[in-house]
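Colleague: Before I ask anything, let me first share the structure, which is written out below as structure tokens.
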């Protein structure tokens, strides 16, 4: 059952204002990736970010999650100032409030599916038995309970990615950042991944930001933003 307290905590919006990010080439040339980028996402919304390869989608997600630092601008999740947080605050933010899903699953191949999913809980020093039980329960919800004790190296690509999604969601994050989550999957194996993200978003009043080239996945999102020339523009299908 959803904890009423977490429902309140998850009701905070994600607000991005005038974000700038640049890099320097090996030759020393300044390359501006994001400029004057602003948008807002409410709890319970899924936002698709589309754009050409190299447009800065991954960079944007890294900034939102506090993995990289912006040159200027502001990112807030509720009361928390991502851009102004120190290292210790960001570590807590990553551990408690953000879930990351990547194009490649980054699972630990020698561990079982349940152990991989439970890893964020174990890092938080939660009891191993309870953490594994919670992981197995999450696998049961998507029909993969029979895979709980299997090393992830024995799973199919679609199963591995769903395990990666469950790992990202196991701590009940307020913000889920998914970078091409179906990029290595075909439609049959990719659709369940999108459905998992949507279901979590609705049931936990979370915010899900998806960077994708998958047109159907983008269509299924609440809002659609195109990243071009360093800025975001609303578009419709």
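Colleague: Specify the inter-centroid distance of the stretch 155-185 and the stretch 46-92, based on alpha-carbon positions, in whole Å.
Modeller: 19
Colleague: For labels at residue 153 and residue 215 in the simple 7 Å Cα→Cβ model, what's the distance in nm?
Modeller: Placing both labels 7 Å beyond Cα along the Cβ direction yields 4.0 nm.
Colleague: Could you work out the helix-only [θ] at 222 nm for the chain, with each DSSP H run of four or more residues adding -39,500 (n - 2.57) and the total divided by the number of residues, to the nearest 500 deg cm²/dmol?
Modeller: -11000 deg cm²/dmol
Colleague: In the stretch 13-234, what percentage of the DSSP-assigned beta bridges are antiparallel, given to the nearest 5?
Modeller: 55
Colleague: I would also like to ask the following. Please report Rg (one decimal) and Dmax (integer) in Å for the Cα set of the chain.
Modeller: Rg and Dmax of the chain, Cα atoms, are 17.7, 55 Å.
Colleague: How big is D for the stretch 136-237, in µm² s⁻¹ as a whole number, if Stokes-Einstein is applied with the Kirkwood radius of its Cα pairs at 37 °C and 0.692 mPa s?
Modeller: 224
Colleague: Quick check on the stretch 145-237: of the DSSP beta bridges with both residues there, what percent are antiparallel, nearest 5%?
Modeller: So the antiparallel bridges amount to about 45 percent of the total.
Throughout, read-outs are computed from the coordinates displayed, never taken from laboratory work. None of the values given here were measured: they were computed from a predicted structure. Virtual Cβ from ideal backbone geometry, glycine too; neighbours counted across all protein chains shown.
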